[in-house]
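First the structure, in the form of structure tokens, and then the observations on it.
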Amino acid sequence: MLFRRREPDRLVERVRTYLWPRRSFSRSLRYFSKRILRLKATPHAVAAGVSAGVFASFFPLGFHFVIAAVLCWVIAGNLVAAALGAVFFGNPLTFPLLWGASWETGKLILHEHLPKHGPPEHLGEMMHTLSFARLWHPVLEPMLIGAVPLGLVFGFVFYGITRWGMTVFREQRKRRMDERAQKARHGGREVPAA
């Protein structure tokens, strides 16, 4: 590889870079948006893929890419866009917020089935032993039920934003290419607008 580092980053540095980018979050956001906008697919496919990735990020069990892939297949989305959406929206910095929101939403939906105050008494012990049967009712069930409406709302929002962005980006690109082609036909001279 041409621009590889002489000494590769240590594991600690790679984890730090994954959690906190080297430059800035705005640069990372621009990078992800450019990667999504330059995908070779229809605006619907890219927007549906991103929304599938965002929807899958709300689920707590870690099958985000599987959920996003199945959803992409159902709604004719782009799988690469789904992976980018899942990685951008669901990352170690946002997972506590997403899962906490899913849990609280699930508690609101299941209001008569859960204790009225706080988490279960022995939540730490259940998490330590990873007892699925004991974790299901107090933790996982509300998270899964709460993930669906939140995922749908944010999925639709990101679908609209991505579809609009893809349409604007492609119109601007087509306009620039038409201007270059017109300049090339006329020998690089500016052509007066008609």
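The values are calculated or read from the model by the stated rules, or taken from the named source; none is laboratory data. The structure displayed is predicted, hence computed values, not measured ones. FYI the Cβ positions are ideal-geometry reconstructions off the backbone, even for glycines, and counts take in every protein chain you see. Please note that ligands, DNA and RNA were not included when accessible areas were found on the heavy atoms of the full protein model with its side chains. Shrake-Rupley method; radii C 1.70, N 1.55, O 1.52, S 1.80 Å.
Candidates are the residues of the stretch 53-73 that are outside any loop (DSSP other than H, G, I, E, B) and more than 12 Å from the chain's Cα centre (by Cα); the one that is nearest to Met166 (Cα to Cα) is Cys72. Take the stretch 54-71 and flag every residue that is crowded, with 20+ Cβ neighbours inside 10 Å, without any contact (Cβ under 8 Å) to a residue 60 or more places away in the chain and not hydrophobic (A, V, I, L, M, F, W, C). Correct list: His64 only. Residues in the stretch 163-188 that are under 17 Å from Lys34 (Cβ atoms), hydrophobic (A, V, I, L, M, F, W, C) and either open to solvent by less than 100 Å² (accessible area, probe 1.4 Å) or at pLDDT below 85 (or both): Met166, Val168, Phe169.
Collect the residues in the stretch 74-104 that are surrounded by fewer than 21 Cβ atoms within 10 Å (Cβ to Cβ), part of a helix (DSSP H, G or I) and of a type in the set (S, T, N, Q), keeping them in residue-number order. Of everything in the stretch 74-104, nothing turns out to be surrounded by fewer than 21 Cβ atoms within 10 Å (Cβ to Cβ), part of a helix (DSSP H, G or I) and of a type in the set (S, T, N, Q).
A Cβ distance below 6 Å, combined with a sequence gap of six or more or placement on separate chains, defines the contacts here; from the stretch 140-155, residues that are closer than 14 Å to Val54 by Cα reach residues that are among the hydroxyl-bearing types (Ser, Thr, Tyr) and open to solvent by 10 Å² or more (accessible area, probe 1.4 Å) in the pairs Leu150/Thr105; Gly155/Ser51. Scanning the stretch 139-190 for residues that are closer than 30 Å to Leu98 by Cβ and not aromatic (Phe, Trp, Tyr) yields a count of 25.
Among the residues of the stretch 108-127, some residue qualifies, meaning at least one is of a type outside the set (Gly, Ala, Ser) and either under 23 Å from Ile67 (Cα atoms) or modelled with pLDDT of 85 or more (or both).
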